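*Asks:* I have a structure here, written as structure tokens, and I will follow up with some questions on it.
No lab work stands behind these numbers, since they all come straight from the coordinates. Note that the coordinates shown come from a computational prediction; the quantities given were computed from them, not determined experimentally. Neighbour counts are summed over all protein chains in view; Cβ atoms, including those assigned to glycine, are modelled from backbone coordinates with ideal geometry.
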Amino acid sequence: MIAHHVLFWLKADTTEAQKAAFRKSLGTLEQIEVVKTFHLGIPAPIERAVVDVTYTFSLLLLFEDLAAHDVYQVHPLHKAFLDDFKIYFEKVIIYDAN
């Protein structure tokens, strides 16, 4: 099992409409056949010093194996998301774990 966790910080001048379009496009990634588990969220209202709530969106995907992860990376829906929405990223951090 491979966990792929992506945290997105969007630029400060991103409008609410752009954020909504960004979230909708992230949602399309659930349709990729190799995605076993999909979770899209925003920071939870948890106030603890060790919890980072500065990001805009969190995307957590689980894949059966590294081969499935690699299929996801080149999938047309993933490429389309990146092509259309990378202009809104201020920062992105990815954590992959197995």
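*Asks:* Count of lysine pairs in the chain with Cα atoms under 16 Å apart, counting only pairs 8 or more residues apart in sequence or on different chains?
*Replies:* Working: 11/19; 11/86; 11/91; 19/86; 19/91; 24/79; 24/86.
The result is 7.
*Asks:* Next up: Could I have the simple spin-label model distance between residue 3 and residue 80, label points 7 Å from Cα toward Cβ, reported in nm to one decimal?
*Replies:* Result for the modelled spin labels: 3.0 nm.
*Asks:* Between the stretch 60-98 and the stretch 11-51, how far is it from one alpha carbon centroid to the other, in angstrom?
*Replies:* Using only Cα atoms to place each centre, the spacing works out to 12 Å.
*Asks:* Mind checking which of 51, 74, 34 has the largest fluctuation in a GNM of the chain, springs on alpha carbons under 10 Å?
*Replies:* Largest GNM mean-square fluctuation: 51.
*Asks:* Between 65, 13, 83, where does the largest GNM mean-square fluctuation fall for the chain, given springs only between Cα atoms within less than 10 Å?
*Replies:* 13
*Asks:* What net charge do the residues around residue 74 carry, taking every other residue with its C-beta under 15 Å from that of residue 74, with Lys and Arg at +1 and Asp and Glu at -1?
*Replies:* It works out to a net charge of -2.
*Asks:* What is the sum of charges, Lys and Arg at +1 and Asp and Glu at -1, for the other residues whose Cβ falls under 12 Å from the Cβ of residue 85?
*Replies:* That sum, taken over residues with Cβ under 12 Å, equals +4.
*Asks:* Further question on the same structure: Which residues make up the longest stretch of the chain clear of GluC sites (Glu not before Pro) that lie in a DSSP loop with no more than 16 other Cβ atoms within 10 Å, not counting the sites? Please report the intermediate quantities before stating the final value.
*Replies:* Details: sites that count: 33, 47, 64.
Free of exposed loop sites, the longest segment is 65-98.
*Asks:* Apply the Karplus curve 6.51 cos²θ - 1.76 cosθ + 1.60, θ = phi - 60°, to the phi angles in the stretch 31-45 and return the couplings in whole Hz, x for Gly and Pro.
*Replies:* After applying 6.51 cos²θ - 1.76 cosθ + 1.60, I find 6, 5, 4, 8, 7, 8, 9, 10, 9, 10, x, 10, x, 6, x Hz.
*Asks:* Quick one: what are the phi-derived ³J(HN,Hα) couplings along the stretch 19-27, Karplus 6.51/-1.76/1.60 with θ = phi - 60°, whole Hz, x for glycine and proline?
*Replies:* Per residue, the Karplus-derived 3J(HN,Hα) values read 4, 5, 5, 4, 4, 4, 5, 4, x Hz.
*Asks:* Additional query: Work out the FRET efficiency for residue 58 and residue 16 from their Cβ-Cβ distance, taking R0 = 25 Å, and round it to the nearest 0.05.
*Replies:* 0.85
*Asks:* For residue 17, what charge total do you get from the other residues with a beta carbon under 15 Å from its beta carbon, if Lys and Arg give +1 and Asp and Glu give -1?
*Replies:* +1
*Asks:* What are the semi-axes of the equivalent ellipsoid of the chain, taken as the square roots of 5 times the eigenvalues of the Cα gyration tensor, listed largest first and rounded to whole Å?
*Replies:* For the chain, the ellipsoid semi-axes come out as 22, 18, 11 Å.
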